[in-house]
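A short write-up of the structure that comes next.
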Amino acid sequence: MMKVSLLFSLLFMFSCSGENSFKKEKVFLGNQRVPAHTLNLGRQVYLEYCMACHGVEGDGNGPAAKGSIPAPRNFKQGLYKFGLVADGALPTDEDFKRIIQKGLKGTAMLPWDISDQQTYAVTQYIKTFAPQVWEGEGELGKPVELEADPFTIARKESAINKGREVYHMSASCQTCHKGYVSKEVLSQLNEKYNGEALTEFDEDLYQPKLQISEYYFYDSKERMKKFLPPDFTWHNIRSAQTVEEIAYRLAAGVTGTGMPAWKETIADHEIWAVSYYVKHLMDMKGKPSRKSVIYK
Ligand code: HEC
Ligand code: HEC
């Protein structure tokens, strides 16, 4: 009896893997032809390293996904946060490589120690979960571009000061994130930029404000996920640690969430300045200096 059921389960496993294996190449956006053996390798990598969270079906509902905040991405949606492409465009293979090999800091999405070949293959396999976007006629995303850093480390202090002003004035990042200057300083900045002192302040100036996103769980389109914009002195920044990485993240935004792409909205030199400022705030994490930017 034991033997028979073992045989059956072996047969079952065999037929399953046979059924799911790719026999033909796929053609993705940008006329990228991916041979069947690459997709099959990708599937193997996926089942070994990724399935536990992202699920056999790619819906983000793997056995290890329960309670994970943020939730593992539902690949069926064909929507990704951390490409370095113009807002809303699909990530490039370079983007996937960076995300997979570097991970997303502070989340369950670790840096995966897999080869470039395995990374490429698993990237192509992930695309098969969302044929509606990858097999369409649309354009592939173009990497965002920025002019060279006009400050460099030599003028770090002036970059931080300029960045503080950009943050609270021309970009008004505190409309979603929180403010990091006193009401008095905010009022002075407003006088400098808009010619009048402030008499009224938003009640939630010093709190991050919950933003709605386009991401949903595997089980319901209604359950749009809401995200809290990070406090840079407290939370992990998932996709960027250096000034340069922050600058490119700001330029591209975080697709599908409230976090806008800042390229074209503010000037490149402002993006650089505010990136120095964000990095300055990030460096206060866990240090007493943090108190100097926390207001209630
Ligand atoms: C332990 C759980 C876990 C495992 C295992 C895991 N991931 Fe993730 N992954 C996550 C979480 C959580 C997120 C969402 C992070 C966020 O939204 O900030 C994520 C997000 C992603 C994203 C989306 C990034 C974006 O820009 O939106 C990709 C692509 C990805 N994972 C690929 C992989 C691949 C490939 C593997 C296997 C090599 C893998 N993941 C294994 C938890 C996991
Ligand atoms: C309309 C609301 C909104 C505005 C305005 C906004 N952000 Fe965000 N930001 C968000 C949200 C929401 C997230 C979290 C998205 C997510 O869950 O991945 C975020 C995330 C971030 C991140 C983290 C990215 C990562 O890798 O984890 C950085 C850095 C950031 N914002 C900087 C800024 C700066 C600097 C400004 C002003 C120039 C700004 N944001 C303006 C909503 C906003």
Among GluC sites (Glu not before Pro) in segment 73-143, those in a DSSP loop whose Cβ has at most 15 other Cβ atoms within 10 Å are 135, 137, 139
A chain fully extended from residue 115 to residue 157 at 0.36 nm per residue, minus the present Cα-Cα distance, gains in nm 11.1 nm
Convex hull around the C-alpha positions of the chain: the volume in Å³ per residue is 170 Å³
For residue 81, the aspartates and glutamates lying under 15 Å Cα to Cα, once residues fewer than eight places off in the same chain are dropped, come out as 93, 94, 95, 214, 245
Honestly segment 35-138 on the Cα gyration tensor test (a ≥ b ≥ c root eigenvalues; a/c under 1.5 rounded, otherwise a/b vs b/c for prolate or oblate) is just rounded
Sorted largest first, the C-alpha extents of segment 111-226 along its principal axes in whole angstrom are 55, 43, 31
Total charge of the residues flanking residue 125 in space, meaning their Cβ is under 11 Å from its Cβ, with Lys and Arg +1 and Asp and Glu -1, is +3
Cross-link reach from residue 287 to lysines, straight Cα distance under 22 Å and at least 8 residues apart if same chain, gives 105, 156, 178, 279, 296
Surpassing 20 Å at the alpha-carbon level, of the pairs 225/263; 26/127; 76/102; 162/183; 23/102, are 225/263; 76/102; 23/102
Segment 153-293 -> Rg/Rh from Cα coords, Kirkwood Rh, value 0.98
Placing each pseudo-label 7 Å from Cα in the direction of the beta carbon, residue 105 and residue 21 end up separated by a distance in nanometres of 4.2 nm
Per the helix-only model, the chain has a calculated mean residue ellipticity at 222 nm (DSSP H runs of ≥4, -39500 (n - 2.57) each, divided over all residues, rounded to the nearest 500) of -11000 deg cm²/dmol
Quick calc, the chain, dipole around Cα centre from Cβ unit charges on Lys, Arg (+) and Asp, Glu (-), nearest 20 debye, gives 1000 debye
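Laboratory data are not the source of any read-out in this text; all were calculated from the coordinates shown. A quick note: this is a predicted structure, and the numbers were derived from the prediction, not measured. Because the Cβ atoms are built from the backbone with ideal geometry, glycine has one as well, and the counts that use them run over all protein chains shown.
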